[in-house]
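What follows is a single structure, written as structure tokens, with notes after it.
Values in this text are rule-based calculations from the coordinates and carry no lab data. The model shown is predicted, which means the values in this text are computed figures rather than measured ones. Glycine gets a Cβ as well: all are built from the backbone with ideal geometry, and neighbour counts include every protein chain shown.
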Amino acid sequence: MSEPTTANPTLESDPELVTLQPKIHRRIPEWLTIKVPRSRDIGKVEDLMRSQRLVTVCEEARCPNLGECWTKGTATFMIMGDTCTRSCRFCAVKTGRGAPLDPQEPQRLADAARELQLKHVVVTSVNRDELLDGGAAHFAAVIAALREALPETSIEVLTPDFRGRRFAIETVCAAHPDVFNHNTETVPRLYRTVRPQAKYERSIDFLRTVKETAPTIYTKSGIMLGLGETEEEVLQVLSDWKDAGVDAVTLGQYLKPGKGYLDVVEYVHPTRFEHYKALAEEMGFLYVASGPFVRSSYNAIDFRHKYLETGMAPPRPATPGPRRLSLPLAVV
């Protein structure tokens, strides 16, 4: 299933960077080979996105679940352009300086969601580090436009870390999305390799701050597996999420999006994903999605059906007490 190779030479040149395991999987296992169906609904969504000059992360990130989600009445919109100011080594979104924000984008997005009769809308974005608030006010404007256009539709946001600026987090919380997602992406040891412009501690404190600022908002986070993490490291992330009051978690297989990105260290077997799911459920998370094809917004509408519509369980609180992590949020 695999052949030995040396670690990425660009990593070896910097001893402070984490070196991934020397054996890297080349051949995709059969459980990751699927035929993606294409329905009329997919073409309808694509045509509408182009006419409204909108971008979906489903397309930009080359998500394998695109057809499944779109046909269930949910879509993930990527706002603030298609160019990211960061260069994470797992992500297919292009890097550079983004164009000025379009003040009409929130309304166009809301119009498209209404035309598609979406029941659950996920809104994410590229990083816009050149903006003081990282685009938080733009997120709030999108939420407000969606609330006016589709008052019965649930709204989930998946935001960057806003460089840890508390006022930016509070801006989005004040708009009150139903679910506030911020992805942790990987275990702490691999951050310098996988997310060189981010900090693990900042992401965990971000999630805690959302819950402390707006206790009635459900929070969510996810990581990719197959980058060289150990089970102990995955369990530590789950523990940190629990302390931060995270309600819903996602674990999925990292798939290399193309040449020049991080190699896959391991194709994690589906039984291990089930193992992690059982452990996470035992820890008390309200919702756990764990599997090779799971992505942060995968089947997000299921959470709506189980919790937002029924009120089966309220959001979990963060663990009381001082922050356990050493890196505080920056305050501007």
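Which number do you get for Rg(Cα) / (2.2 N^0.38 Å) in segment 86-193?
On the way: Rg = 14.7 Å, N = 108, 2.2 N^0.38 = 13.0 Å.
Here the answer is 1.12, to two decimals.
From the residues Phe206, Thr76, Thr159, which one has its Cα farthest along the dipole of segment 66-211 in the positive direction, the dipole being from +1 and -1 charges on Cβ of Lys/Arg and Asp/Glu about the Cα centre?
Phe206
Just to confirm the filter: which trypsin sites (Lys or Arg not before Pro) across segment 138-186 are DSSP coil and have at most 15 other Cβ within 10 angstrom of their Cβ?
Values: sites: Arg147, Arg163, Arg165, Arg166; in loops: Arg165.
Those that pass, being in a loop and sparsely packed, number zero.
Starting from segment 102-170, pick out the GluC sites (Glu not before Pro) whose DSSP state is loop and whose Cβ has at most 16 other Cβ atoms within 10 Å. Before the final figure, lay out the partial values.
Working: sites: Glu115, Glu130, Glu148, Glu152, Glu156, Glu170; in loops: Glu130, Glu152.
When the GluC sites (Glu not before Pro) of segment 102-170 are filtered for loop state and at most 16 Cβ neighbours within 10 Å, Glu130, Glu152 remain.
Order these by the 10 Å Cβ neighbour count, fewest first: Lys199, Lys220.
Lys199, Lys220
Taking 0.36 nm per residue of separation and subtracting the Cα-Cα distance, what length does fully extending Thr213 through Phe167 add? Walk me through the intermediate numbers first.
Details: separation 46, 0.36 × 46 = 16.56 nm, distance 1.04 nm.
Here the segment from Thr213 to Phe167 would lengthen by 15.5 nm.
When the Cα atoms of segment 218-286 are enclosed in a convex hull and the volume is divided per residue, what value in Å³ results?
Values: hull volume 6.3 nm³, N = 69.
Normalising the Cα hull of segment 218-286 by residue number yields 91 Å³.
Give me the count of lysine pairs in segment 158-264 whose alpha carbons sit under 27 angstrom apart, restricted to pairs 8 or more positions apart or on different chains.
Number of lysine pairs found: 9.
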